[in-house]
Amino acid sequence: MHKVITLPRNSWSQTSSQILETAAGIVAERFVRGDAFCNPQATMDFLRFKLHQHQREVFGVMMLDSQHRLIEFNEMFFGTIDCSSVYPREVVKAVLLCNAAAVIFAHNHPSGCPEPSIADRRITERLIEALTTIDVPVLDHIVVGDTCVSFAERGYISNP
């Protein structure tokens, strides 16, 4: 009988972070080619591998082409253990720079509880408003904790 030992996130080594980064790359490679990121579970898996190991809040944007294939994942804003500042102007600039046709937002909750806060919902509304001016739809906002919560699945974002 094997005993499973779970280490707290703050004790993860650089090697485990590299493994998670590799896993995110594998998920991206698998789903970018066919189904793209239209599959919510694939999207959540990718984002969990990208963001779960961070010990502070990180806000990222998945830049997608017109077929919802990943152009790039951009970790844009870094905060503290329970918040980060997000600037719509900077998001719009990044979207235009890589010529994204759609985006998916994501951020982590280092506490492990993925429940979106009122502030999370407000900034998402502001970002949707800003990106509407340049005709770039927001497909989802995923909050990564021990599990993931999708704004689209909760009805907070209506998909185009």
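The values are calculated or read from the model by the stated rules, or taken from the named source; none is laboratory data. Model, not experiment: these values are computed from the prediction. Cβ placement follows ideal geometry from the backbone for every residue including glycine, while neighbour counts extend to all protein chains displayed. Heavy atoms of the whole protein, side chains included, go into the accessibility calculation; ligands, DNA and RNA do not. Shrake-Rupley method; radii C 1.70, N 1.55, O 1.52, S 1.80 Å.
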Bin width 5 Å, origin at 0, all Cα-Cα pairs of the stretch 77-116: what percent of pairs per bin? 5, 18, 25, 21, 14, 13, 4
Karplus ³J(HN,Hα) for the stretch 105-117 (6.51 cos²θ - 1.76 cosθ + 1.60, θ = phi - 60°; Hz, whole; x = Gly/Pro) runs 8, 7, 8, 9, 10, x, 5, x, 8, x, 4, x, 8
With the other protein chains left in place, how much accessible area per residue, in square angstrom, belongs to the stretch 93-160 at a 1.4 angstrom probe? 49
Taking H placed 1.01 Å from N in the peptide plane, check which residues at least 5 places from MET76 or on another chain put their amide H under 5 Å from its amide H. PHE59, GLY60, VAL61
Solvent-accessible surface (1.4 angstrom probe) belonging to HIS54, in square angstrom, nearest 10: 40
I need the calculated FRET efficiency for the pair ARG89 and GLU115, taking r as the beta carbon distance and R₀ as 25 Å, to the nearest 0.05. 0.35
